[in-house]
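The block underneath contains the structure these notes are about, expressed in structure tokens.
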Amino acid sequence: MANLVRACEESGARMVFVDNLYMYGPQHDPLREDMTLTNYGVKPAVRAEVTRIWTTASDVGKVRATALRAPDFYGPGVAQSQLGDRAFGALVKGKRAFLIAPPDTLHDFAYVPDIARAVVTLLDANDDAFGQAWHVPCAPIQTPRQILELAASALGFKLRIAALPLWSLPGLGFVSPLMREIIEMRFQWDRPYRVDAQNFRKRFWSDVTPFEVGAPKTALSFR
């Protein structure tokens, strides 16, 4: 990020940084752009420091930068996500969708084409939209099971799910580096995970892709 800031400063380019939401750490309220940056864990703390780098440069007038923050995502051809190969991809093959998360906990998901549209929106925005972060709007919150039900219906299959219990992560962390990394991030799944995107909705647009459209399109793309 320091290199990106330096490049923008020297070239005069504006930067739209597509980010996640780790920098807020564990929260129980819907996530807002004005929440305090966390020092929790490894991944969240790193994201918080990355945020400090570009916001500090922006505050002192060195660069024109903004961040578009998105939660977990899904979409046509998106393999590496919670609802990617292991979920939509498995359903296409008539197998159980596998989740490293509770299937019945409410969780915001962003549709990748909506994320792309939001990036273009910010690239085209006036300079007063920069110097701050924006949350990408998502369809009304649902559970992974509800989203996958829409996908299974589009494919003509009965939904079957295998989910890894959160309590099992510490034990699995002894043998799996991936599980060790997921342990500190389980706060995203042990409670409802809601994202407040009203700032973006009010300033730009709010007609996001509903799950009733996005989930079938995504499932059929895996076929």
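The values are calculated or read from the model by the stated rules, or taken from the named source; none is laboratory data. All values derive from a computational prediction rather than experimental measurement. Here Cβ is always computed from backbone atoms with ideal geometry, including for glycine, and neighbour counts include all displayed protein chains. For the accessible areas, the whole protein counts, side chains as well, though only heavy atoms, and no ligand, DNA or RNA atoms are used. Shrake-Rupley method; radii C 1.70, N 1.55, O 1.52, S 1.80 Å.
Some observations on this one:
- Residue check, Ala154 over 30 Å from Arg64 (Cβ atoms), assigned to a helix (DSSP H, G or I) and open to solvent by less than 20 Å² (accessible area, probe 1.4 Å): no
- Here is the figure for the range 49-84: residues that are free of Cβ contacts under 8 Å to residues at least 24 places away in the same chain and acidic (Asp, Glu) total 1.
- Meets criteria (part of a loop (DSSP other than H, G, I, E, B) and open to solvent by less than 40 Å² (accessible area, probe 1.4 Å)) for Leu159: yes
- Condition check for Asp128: open to solvent by 40 Å² or more (accessible area, probe 1.4 Å), farther than 14 Å from Phe204 by Cα and either part of a strand (DSSP E or B) or of a type outside the set (A, V, I, L, M, F, W, C) (or both): no
- Of the residues making up the range 103-119, those that are in a loop (DSSP other than H, G, I, E, B) and among the acidic types (Asp, Glu) are Asp104, Asp108.
- Out of Leu122, Leu148, sole residue that is at pLDDT 95 or above, open to solvent by less than 20 Å² (accessible area, probe 1.4 Å), in a helix (DSSP H, G or I) and closer than 18 Å to Val213 by Cβ: Leu148
- Any hit, the range 15-33, residues being out of contact with any Cys (no Cβ under 8 Å at 6 or more places or on another chain) and farther than 26 Å from Gln198 by Cβ: no
- In the range 1-56, residue modelled with the lowest pLDDT [restricted to those that are among the polar types (S, T, N, Q) and in contact with a helix residue (DSSP H, G or I) (Cβ under 6 Å, 6 or more places away or on another chain)]: Asn39
- Any hit, the range 139-149, residues being within 20 Å of the chain's Cα centre (by Cα), among the basic types (Lys, Arg) and farther than 16 Å from Leu68 by Cβ: yes
- Top-ranked residue of the range 99-119 - restricted to ones that are of a type in the set (D, E, K, R) and open to solvent by less than 50 Å² (accessible area, probe 1.4 Å), ranked as nearest to Tyr22 (Cα to Cα): Asp108
- Close contacts from the range 190-201, counting a first residue that is closer than 18 Å to Gln27 by Cα and open to solvent by less than 20 Å² (accessible area, probe 1.4 Å) and a second that is at pLDDT below 95 and aromatic (Phe, Trp, Tyr), with Cβ to Cβ under 9 Å and a gap of 6+ residues or different chains, come to Tyr193/Phe187.
- Residues being in contact (Cβ under 8 Å) with a residue 60 or more places away in the chain, more than 25 Å from His28 (Cβ to Cβ) and out of contact with any Ser or Thr (no Cβ under 6 Å at 6 or more places or on another chain) - total across the range 202-223: 15
- Among (1) surrounded by fewer than 21 Cβ atoms within 10 Å (Cβ to Cβ); (2) touching an Asp or Glu at 6+ places or on another chain (Cβ under 8 Å); (3) in a strand (DSSP E or B) - the single one Trp134 does not satisfy: (1)
- Number of residues in the range 171-221 that are at pLDDT below 95, part of a helix (DSSP H, G or I) and not polar (S, T, N, Q) equals 12.
- Qualifying residues in the range 41-80 (those that are more than 18 Å from Ala2 (Cα to Cα), open to solvent by 20 Å² or more (accessible area, probe 1.4 Å) and among the small types (Gly, Ala, Ser)) - the one nearest to the chain's Cα centre (by Cα): Ala79
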